[in-house]
């Protein structure tokens, strides 16, 4: 592995079970969805969150090898923007890349991401129950 490549840490530091880009994207999408489903009120998803969801969906579908996450994200920016991305798409992609790098270096962040996404998913399921 090259010195500048990063690979995600596993579940609670278990290198045998690394976080794949598809799982990372699914967890991040659950967090975005959770932000729109606040207790006792529904907040519409804004254009930035919508852009984030589109980027995450693209990378999740591609499910690149972990060292290729950044390249897949760059392809997502081009695909979502309809050409070389500027402005908002690149800004959102930069935030996602930062979160990915954190997931690659911090077992604590991966644990938090999984717990927070599960909590938001559970809250969303309860809000849709009769």
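The values are calculated or read from the model by the stated rules, or taken from the named source; none is laboratory data. Computed from a prediction, not measured in an experiment: that's the story for all the values here. Methodologically, a virtual Cβ is constructed for each residue, glycine included, from the backbone with ideal geometry; neighbour enumeration extends over all protein chains shown.
The figures follow:
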quantity	calculated
Residue among 114, 126 that is exposed (fewer than 15 other Cβ atoms within 10 Å of the Cβ) and at pLDDT below 95	126
Unmet criterion (only one of (1) in contact with a helix residue (DSSP H, G or I) (Cβ under 8 Å, 6 or more places away or on another chain); (2) modelled with pLDDT of 95 or more) for residue 89	(2)
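Here is a yes/no grid of residues against (1) touching a strand residue (DSSP E or B) at 6+ places or on another chain (Cβ under 8 Å); (2) crowded, with 16+ Cβ neighbours inside 10 Å; (3) at pLDDT 95 or above; (4) in a helix (DSSP H, G or I):
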| position | (1), (2), (3), (4) |
| --- | --- |
| 33 | no, yes, no, yes |
| 69 | no, yes, yes, yes |
| 83 | no, no, no, no |
| 101 | no, no, yes, yes |
